[in-house]
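Worksheet: one structure, shown below.
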Amino acid sequence: MADATGADPHAGSELVPGAAFTTLSLRRDPSNPRIARITFDRPARLNAITMDTPGEIRRAVELANADDEIHAIVLQGAGAAFCAGYDIGLYGEATGEHPCKQEATPWDPMRDYRAMRGYTDDFMALWRSHKPTIARVHRYAIAGGSDIALCCDLIVMEEEARIGYMPTRVWGCPTTAHWTYRLGPERAKRLLLTGDLIDGRTAAAWGLVGEAVPGENLDAAVDALAARVAAVPSGMLAMQKLVVNEAVERMGLLASQTLATVFDGITRHNPEGLWFRRQAQAHGFKSAVEWRDSGRPIPAGDEARRLIAELDALIAARADGG
């Protein structure tokens with residue numbers, strides 16, 4: 001199965017035969033045994049994140065780290081996109097209880113925190129990996145997909161691809177918190193205060209990603225970078241990476257992640273977040289997203305509470321057959 005740029009994400013043998021994954025695959029690069037490829041494998045959903053995805057990322061990284069022949073890890077997406085964020089069918093439109101979308105009032109912030117911190121720590125396996133991680137980004141790395149990409153050491157992006165975190169407008173705060181450390185405060189605020197997306201060219205010019213190339217050159221650029229890295233002894237790679245990571249963490253990355261993860265829970269359970277969820281449940285996630293991204297004022301406070309009551313009544317009437 002080839003993706004939009006012609007790459008076959010299922011080429012190569014399984015790195016660990018019999019390792020069971022539901023949202024991704026882990027394979028040895030067919031042309032370079034020093035490179036492992038983790039491929040998101042939900043192309044029909046643009047590789048949207050399920051409850052299984054974070055833990056499977058961690059497990060795949062740990063398996064690649066345990067293989068002494070592997071020197072570098074490429075993270076990529078099958079089909080038309082790298083990753084389009086959390087699966088809206090599971091996290092937005094669906095009703096029912098989940099730690100990250102509680103219906104109880106008052107909600108339990110630490111229950112939410114435990115769940116989201118677990119996801120964040122799983123994504124950060126890419127950051128902690130002793131083997132360098134390289135994200136190959138095409139079309140979309142948005143919302144939670146950008147969280148994942150920015151945990152990688154190096155990012156090569158298609159020029160026309162888009163990256164950003166639209167839920168900062170309502171119902172989200174990027175929990176891996178890499179934006180400030182990659183962009184600096186001015187440009188991080190420019191993106192997080194608007195929720196705007198930028199293309200690969202802008203991302204490279206701003207320093208968010210290392211390189212942006214035309215789509216037809218993406219595979220060649222990723223392959224060349226991965227091969228260059230993989231030629232270095234694994235011990236040397238681990239030491240250089242640890243030095244840089246330690247510097248960034250001493251600047252406050254891990255503390256920022258704690259704060260961002262707490263705030264992420266608040267954004268999903270405050271009046272604005274509850275309105276967004278009810279809008280999605282009553283009228284579909286597309287309707288909620290169109291409002292969020294249109295530039296219209298987002299309901300807040302008492303206005304959000306009033307609309308929540310109206311939407312609750314509509315949902316209840318539908319359930320009763322009205």
Counted charge near PHE21, where neighbours are those whose Cβ lies closer than 14 Å (Asp, Glu -1; Lys, Arg +1): -1
Under Karplus coefficients 6.51, -1.76 and 1.60, residue-wise ³J(HN,Hα) of the stretch 230-241 in Hz, glycine/proline x: 5, 6, 8, x, 4, x, 5, 4, 4, 5, 4, 5
Cut-off under 5 Å, modelled amide H: who pairs with GLU211 long-range: ILE155, MET157
Candidate lysines for bridging to LYS286, where Cα separation is under 19 Å - those fewer than 8 sequence places away on the same chain excluded: LYS101
Dimensionless Rg/Rh of the stretch 178-261 - Kirkwood Rh, Rg from C-alpha atoms: 1.03
From phi via Karplus (6.51, -1.76, 1.60), per-residue ³J(HN,Hα) for the stretch 282-297 in Hz, x at Gly/Pro: 7, 10, x, 5, 4, 4, 5, 5, 4, 5, 4, 9, 6, x, 5, x
C-alpha long axis of helix 109-123 to longest principal axis of the chain, angle in °: 20 degrees
Residue-by-residue Karplus 3J(HN,Hα) for the stretch 215-229, coefficients 6.51, -1.76, 1.60, Hz, glycine and proline x: x, 5, 9, 4, 4, 4, 5, 5, 4, 5, 5, 4, 5, 4, 5
The chain: projected area of the alpha-carbon convex hull, averaged over directions, in nm²: 16.8 nm²
Extreme residue, positive dipole direction of the chain, given options THR22, THR261, ILE163 (C-beta unit charges): THR261
Whole-angstrom gap from the stretch 284-306 to the stretch 170-218, using each part's C-alpha centre: 24 Å
Theoretical ellipticity at 222 nm over the chain - DSSP helices of four or more residues, -39500 (n - 2.57) apiece, nearest 500: -14500 deg cm²/dmol
Eligible lysines near LYS241 by straight Cα distance, threshold 23 Å, same-chain separation 8 or greater: LYS131
Most mobile of HIS269, HIS283, HIS130 in a GNM of the chain (Cα contacts under 10 Å): HIS283
Fraction in percent of alpha-carbon pairs per bin - 5 Å, the stretch 270-319: 5, 25, 30, 28, 10, 3, 0
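No value in this document is a laboratory result; all are computed from the given coordinates. Since the model is a prediction, treat every value here as computed from it, not as a measurement. Please note: Cβ atoms are built from the backbone with ideal geometry, for glycine as well, and neighbour counts cover all protein chains shown.
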